[in-house]
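Okay, so here's the structure we're looking at.
What follows is calculated from the coordinates using simple rules that are stated; it is not laboratory data. Computed from a predicted model, the values in this text were never measured in an experiment.
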Amino acid sequence: MVYDSQSDNDRISSMNNTTLDERAFKVFFKENFTALCGFCQYKFGFDITIAKEAVHTAFIRLWENRGTVSPVLSLKAYMYKIVINISLDILKHRKVKEQHEMYVVQNTPASLYNHDYESADFKELKNDIDNAVSELPEQMRKVFELSRYEGLKYIEIANHLGISVKTVETQMSRALVKLRQKLAIYLPLYFLILSF
């Protein structure tokens, strides 16, 4: 195959040209996917599923940003950097989720533990909340987590993410609407909990 002998820089050039050479990208993907997955597993302790997800996301970012990648960069080194950044985001998301779980446990009235509410309904609610938050678009999810789980103010979130305060307000408002829609079946349970 003619692409096997191409250097990383030649591949960048062929991906940047007007024909958008998908073959060069596919070859680069096949040559590096397994090694990048192994790197994720070793460096970050991910299981194979999360490692594959991180690497797939990295390749998607590479493809989406192929026009801005400098031909003087090593494509492999660039990919490892993308994978590292994505993996760090995954670890940070895990930490935020764990902090939120701790917050919920610490701030749940003890009287709730003496009722049957703790059984399947609460476990299902927790899973549904986690799923609903994870299904939010990336920026919306980050805004929500920074506000609700880390307790940052809108201006702090705006500075952290490099967006305007108005964008933070809009994203937060939309996130709450989406979460209310997805979790509407739990509203009666929510009001019952508040009555204690």
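Assorted remarks:
- Alpha-carbon radius of gyration plus Dmax, which is the widest Cα pair, for region 70-110 in Å: 17.9, 60
- Sequence-ordered 3J(HN,Hα) estimates for region 166-181 from the Karplus curve with 6.51, -1.76 and 1.60 and θ = phi - 60° stand at 4, 5, 4, 4, 4, 5, 5, 4, 5, 4, 5, 4, 4, 5, 4, 5 Hz, glycine and proline given as x.
- ³J(HN,Hα) computed for each position of region 78-92 - Karplus, 6.51 cos²θ - 1.76 cosθ + 1.60, integer Hz, glycine/proline x: 4, 5, 4, 5, 4, 4, 4, 4, 5, 5, 5, 4, 4, 5, 5
- Hits among lysines - C-alpha to C-alpha of residue 97 under 22 Å, sequence gap 8 or more where chains match: 43, 52, 123, 126, 142, 153, 178, 182
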